[in-house]
Structure formats: structure tokens, C-alpha cells
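First comes the structure, then the notes that go with it.
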Amino acid sequence: MKATETKLKGCFIVEPTKYGDSRGYFFESFNEQAFNNLTGSQAHFVQDNQSFSTKGVLRGLHAQAGEYAQAKLVRVLEGKVIDVAVDVRPNSPTFGEYVAVELSAENNLQLFIPRGFLHGFVVLSETATFFYKCDNFYNKESECGVYPLDRDLAVDWTIPVEEMILSDKDKEALRFKEVFGI
């Protein structure tokens, strides 16, 4: 396993070591001890989630606040997405900045998103199955989000806006400045 820190401190691209031959392949998708050693994290995941989406579906930008904040380790089991993490840690030198990583079933990359980040993804393939581990349990009352097409964030989702499919909740989400007072 290899972990490369992005420009956002604590946010890592994780690449498993893949072993393959004529029969197929094998890789260890997660090992808590190796993961924590490589990232310096003390993540202990308690909940796994999975979603299925069609091309153009944009899910995000979401987080949980306060004591229910979550770190996530995300990957794609089928298809291809652009995965985005936005730093919303108040005293971070990269506050308001984002990273975007292409995750696919072919590249097997994962993105570790620590607590204090918004998260979202858009589906580039015909369909995608998205999987994520969370280090805290879901709590509906602590949900927060930002409009994913907010011009102040200027996230490059790589597909035209007219091809994006957003939930009503995401369409109606507040702008970054409204949520974080900047």
C-alpha cells in the first residue's frame, strides 16, 4: 500500500498493492495498521456505506458537523468518478481549497478524507458503485452541506453543468460563504 498526501494536509490518495496473473488479481483494500502507519492517522472505521449512481449524478458536497464529524476512506467498485474533498477546517492554511481525484474500478485508488472536509463526487461512467468507510456513525441532525456548483469554490467537476443530476437537497444547499461566513 502507498499513501500520498495531497495539497490538503491530512488528505491522502491511497494506492493498494495489486497482484495479478492470468487468473485475475488480488489486493488488500484496507489494513488498519498499515493505513494508520502510512497516513499518521488514528482512523478506526465503524460504518461502511455503498451507493450506486448513473452518469452525471453529482452527490455532495456533504459533511457531518461537531461530535458526529466523519473521516472517510472512499473508493469505486465499478465505474469512474471525480471525487472531491474541500477543506473547511477553520484554521487551516488551505481552508476553502479542494482536491479532485479520479477514482475508478480500473485504477483502484482510494481517497482518505479526514474530519473537517466536505465531500462529493460526480459519476463519469455510465454507472458507478461507490464505497466508503466512515470513522463515525451517521447522524441526520448533524448533516451539513454546500451547493456543489458554488462559484466561490469553483470545483472543476470535469463535465458540463447541463449533464449533472443533483438531488433537490443539493440544489437547495447554501453557498460556501453562507455556511462558513467568509
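Points worth noting:
- Annotation: peptides 136-142, 23-29, 105-111, ranked by per-residue average of other Cβ atoms within 10 Å with the highest first, follow the order 105-111, 136-142, 23-29.
- In order along segment 160-169, the Karplus-derived 3J(HN,Hα) couplings, from 6.51 cos²θ - 1.76 cosθ + 1.60 at θ = phi - 60°, round to x, 4, 5, 9, 7, 10, 10, 6, 4, 4 Hz, and Gly and Pro are given as x.
- Dimensions in Å of the chain - Rg and Dmax from alpha carbons: 16.0, 55
- Counting neighbouring beta carbons within 10 Å and listing from fewest to most, the residues Leu8, Leu61, Leu174 come out as Leu174, Leu8, Leu61.
- Residue with peak Gaussian network fluctuation, the chain [Cα springs, cutoff 10 Å], from Val122, Val101, Val46: Val46
- Pairs of Lys residues in the chain, spaced 8 or more positions apart or belonging to different chains, with C-alpha separations under 21 angstrom: 19 in total.
- Loop-resident trypsin sites (Lys or Arg not before Pro) (DSSP state other than H, G, I, E or B) in segment 43-102 with no more than 11 further Cβ atoms inside 10 Å of their Cβ are absent.
- Potential lengthening between Phe26 and Asp156 on full extension [0.36 nm per residue; Cα-Cα distance subtracted]: 43.5 nm
- With K and R counted +1 and D and E -1, the other residues having a Cβ less than 14 Å from that of Glu78 yield a net charge of +1.
- Calculated FRET value between His44 and Phe180, using beta carbons and R₀ = 22 Å, to 0.05: 0.20
- From least to most packed, judged by other beta carbons within 10 angstrom and beginning with the fewest, Asp168, Asp48 follow the order Asp168, Asp48.
- When the chain is treated as a Gaussian network with alpha carbon springs shorter than 10 Å, the biggest mean-square fluctuation among Asp150, Asp135, Asp83 belongs to Asp150.
- Thr127/Asn107 FRET efficiency (R0 25 Å; Cβ-Cβ; nearest 0.05): 0.90
Read-outs throughout are calculated quantities, based only on the coordinates presented, and are distinct from any laboratory measurement. Predicted, not measured: the structure shown is a model, and the values here were computed from it. Cβ atoms come from the backbone with ideal geometry, glycine included; neighbour counts cover every protein chain shown.
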